[in-house]
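Asks: Okay, handing you the structure first.
The values are calculated or read from the model by the stated rules, or taken from the named source; none is laboratory data. Predicted model, so just to flag it, every value in this text is computed and none were measured. For neighbour counting, all protein chains shown are included, and Cβ atoms are generated from backbone atoms with ideal geometry for every residue, glycine included.
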Amino acid sequence: MAPKAPAAKRSAPTRSERLEARVSADQKDLFLRAAELQGRTLTDFVIASVHEAAVRTIETMQSIQLTAQESRAFAEALLEPREPGRRLKEAARRYIETTTR
């Protein structure tokens with residue numbers, strides 16, 4: 001495995017887009033303090049924090065959203081449950097027998 005190039009020689013992603021936000025003085029002070037604690041510039045801290053929050057939000061939403069077909073199947077299962085199968089009936093019978101003795 002080839003060693004990584006020194007940080008100064010690695011190409012950074014091109015940052016061509018601009019993002020602006022107005023914040024209160026208290027918020028800016030808080031962000032600056034956190035950035036300093038991590039040894040980052042305010043810009044690096046904000047970009048990393050927003051990126052992390054965006055990835056986490058997308059992962060969370062993707063894992064709980066159902067497709068239209070999945071939603072229909074879920075609703076149908078709730079509204080029209082199937083008859084319990086043989087194995088479930090046997091398990092329920094065994095449970096009742098062992099807990100009512």
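Asks: Is it fair to say Gly85 is free of Cβ contacts under 8 Å to residues at least 60 places away in the same chain, within 28 Å of the chain's Cα centre (by Cα) and loosely packed, with under 10 Cβ neighbours inside 10 Å?
Replies: Criteria not met by Gly85.
Asks: Right, another one. Name every residue in region 25-43 that is among the basic types (Lys, Arg) and within 25 Å of the chain's Cα centre (by Cα), in order of residue number.
Replies: Hit for region 25-43 is Arg40, nothing else.
Asks: Restricting to region 43-101, give me the number of residues that are among the acidic types (Asp, Glu) and at pLDDT 95 or above.
Replies: Adding up the residues that qualify gives 3.
Asks: Also: So, in region 43-101, exactly how many residues are more than 28 Å from Glu20 (Cβ to Cβ) and of a type in the set (Ser, Thr, Tyr)?
Replies: Counting residues in region 43-101 that are more than 28 Å from Glu20 (Cβ to Cβ) and of a type in the set (Ser, Thr, Tyr) gives 7.
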